[in-house]
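Notes follow the structure.
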Amino acid sequence: MDEIEIPQYFICPISLQIMKDPVTAVTGITYDRESIEQWLKTAKDTICPVTKQVLPSNSCLTPNHTLRRLIQAWSTENASGGIDSVPTPKSPLCKSRLLKLIRELEVPGLYVNALKKLQVLAKDNSKFMEEAGVPKAMVLLLIRCCNQSKTIGVEQALRILYLTWTPSGEIKAAVNENHRIIDCLAWIQGCDIANPVVVKTLAMQVLKRVIEAANTRLLEKLKPEFMEEMLRVLKLKFSQQATKSTLQILIQVCLWGRNRSKIVQANAMFELVELELEKPEKNITELIFNLLAHLCSCADGRAEFLSHAGSIAMVAKRILRVSPATDDQAVHILSLISKNAATKEVLSEMLRVGAVTKLCMVIQADCSTYLKQKAREVLRQHSNLWNNSPCIAVYLLTRYQ
């Protein structure tokens, strides 16, 4: 390769390597696209490296197709001498093209076709599209569809929003400036829509990200109807991913304002216990117990939990049989119940369904020290009632499966 003379105009003035995708700046100098774009992003003063003239940061770079074809032909002729072939580069995504497609979203006769094109582009250009404002455009489109009760284009808009989502300030601003997006994503769950399982699952995945980006003020204003819709999704169980996303959303929102009470009032305790009784996947069980523990920290949550005939038995049965995370939350739930709702009937049920036995096992099993201490505290609180009870049988110590 050293013996082959490389034409000087094939060399990028920045990288000093053969150009693969030559582009010409407004100053008339040709550079390799990757090198000049990196220069414009990182240089302190965005000037042309050769002429020292000012280059705007959004400077238009014109592909030099003639030079690229010359380089490709030359590299093919000299392949036997060790010169690598230069492939034809993909056409770069132009910001003006994106802005044109975004404008077309406002036109009734054009927005469906614009969505199809944006969806294709989103697969490989998510970061660039986020910078161009595509996610915000999707937020506004979904709100418009909700306001007009139209579902055409909803699936594409959700998919584009999901693909172009990044945890950036722009996304957070779009969510908090257009808080109706939360209601719209919940509205999709009740829609009669084509491809419902896919679309509604995708809507829950997007909603999870929206909730994570929402500010405290927005989360505190969530309506009881929102909680009811989330519980309806749990009850329908149309996909594992939708169930998981819904549980994560409820865990996130229950930390703010009066949301815990709103979730309890939406009959969450009954639905959560029923869902767990169906023996879901391990990660679903962990989320259910996490949410139950949060809800049991308030009086109305504990009351609703105890109103289900199988709640204490279900919690007791899961201890030492699912995962350390489940053990942690399960013992915490029993601790909250024994401290704040310890009626004679409740304590007798804990004994009868094996919850007391399981707490004894936690103390003897291979668990963390703090968990053993918490179980010991529960047993100590009501030792007068539970000591020497014939209900505590000699169980084999169980360990995590």
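Rundown of residues vs (1) open to solvent by 20 Å² or more (accessible area, probe 1.4 Å); (2) more than 23 Å from LYS237 (Cα to Cα), yes/no style:
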position	(1), (2)
HIS294	yes, no
PHE305	no, no
SER311	no, no
ARG318	yes, no
THR326	no, no
VAL331	no, yes
| query | In the stretch 26-55, how many are of a type in the set (A, V, I, L, M) and over 28 Å from ASN78 (Cβ atoms)? | reply | 6
| request: Could you tell me which numbered condition ALA303 fails, if it satisfies all but one of (1) modelled with pLDDT of 95 or more; (2) in contact with a helix residue (DSSP H, G or I) (Cβ under 8 Å, 6 or more places away or on another chain)? | output: (2)
| task | Please tell me if ASN384 is modelled with pLDDT under 90, of a type outside the set (Gly, Ala, Ser) and in a helix (DSSP H, G or I). | result | yes
| Somewhere in the stretch 132-143, is a residue in a loop (DSSP other than H, G, I, E, B), open to solvent by 30 Å² or more (accessible area, probe 1.4 Å) and in contact (Cβ under 8 Å) with a residue 12 or more places away in the chain? | no
| query | Filter the stretch 7-24 for residues that are over 41 Å from the mean Cα position of the chain (by Cα) and either open to solvent by less than 50 Å² (accessible area, probe 1.4 Å) or aromatic (Phe, Trp, Tyr) (or both); which is farthest from HIS65 (Cα to Cα)? | reply | PRO7
| query | Of all residues in the stretch 156-170, which are open to solvent by 10 Å² or more (accessible area, probe 1.4 Å), closer than 16 Å to LYS127 by Cα, part of a helix (DSSP H, G or I) and touching a residue at least 24 places away in the same chain (Cβ under 8 Å)? | reply | ARG159, TYR162, LEU163, GLU170
| request: Could you list, in sequence order, all residues of the stretch 174-191 that are loosely packed, with under 14 Cβ neighbours inside 10 Å and in contact (Cβ under 8 Å) with a residue 12 or more places away in the chain? | output: GLY190
| Restricting to the stretch 229-284, what's the tally of residues that are closer than 18 Å to GLU304 by Cβ and not basic (Lys, Arg)? | 25
| field | Residue check for SER75: surrounded by 14 or more Cβ atoms within 10 Å (Cβ to Cβ) and small (Gly, Ala, Ser) | value | yes
| remark: Among residues of the stretch 231-263 being within 13 Å of the chain's Cα centre (by Cα) and of a type in the set (Gly, Ala, Ser), the residue farthest from LYS200 (Cα to Cα) is SER245
| Evaluation of THR27 against (1) over 23 Å from PHE128 (Cβ atoms); (2) under 42 Å from the mean Cα position of the chain (by Cα); (3) surrounded by 15 or more Cβ atoms within 10 Å (Cβ to Cβ) (one fails), failing number | (2)
| said: Looking at the stretch 265-292 only, could you name the residues that are open to solvent by 10 Å² or more (accessible area, probe 1.4 Å) and of a type in the set (A, V, I, L, M, F, W, C)? | reply: ALA266, PHE270, LEU275, LEU277, LEU287
| note | Within the stretch 278-296, the count of residues that are assigned to a loop (DSSP other than H, G, I, E, B) and farther than 18 Å from ALA316 by Cβ comes to 1
| request: With the condition kept exactly as written, say whether any residue in the stretch 198-221 is open to solvent by 50 Å² or more (accessible area, probe 1.4 Å), more than 17 Å from ILE249 (Cα to Cα) and either assigned to a helix (DSSP H, G or I) or of a type in the set (Ser, Thr, Tyr) (or both). | output: yes
| query | Could you list, in sequence order, the residues of the stretch 333-380 that are open to solvent by 40 Å² or more (accessible area, probe 1.4 Å), in contact with a Lys or Arg (Cβ under 7 Å, 6 or more places away or on another chain) and either in contact (Cβ under 8 Å) with a residue 24 or more places away in the chain or hydroxyl-bearing (Ser, Thr, Tyr) (or both)? | reply | ASN340, ASP366
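The values are calculated or read from the model by the stated rules, or taken from the named source; none is laboratory data. Worth saying up front: this structure is predicted, and the values here are computed from it rather than measured. So basically every Cβ, Gly included, is an ideal-geometry build from the backbone, and we count neighbours across all protein chains shown. Ligands, DNA and RNA are stripped out before the accessible areas are found, and what is left, the full protein with its side chains, is counted by its heavy atoms. Shrake-Rupley method; radii C 1.70, N 1.55, O 1.52, S 1.80 Å.
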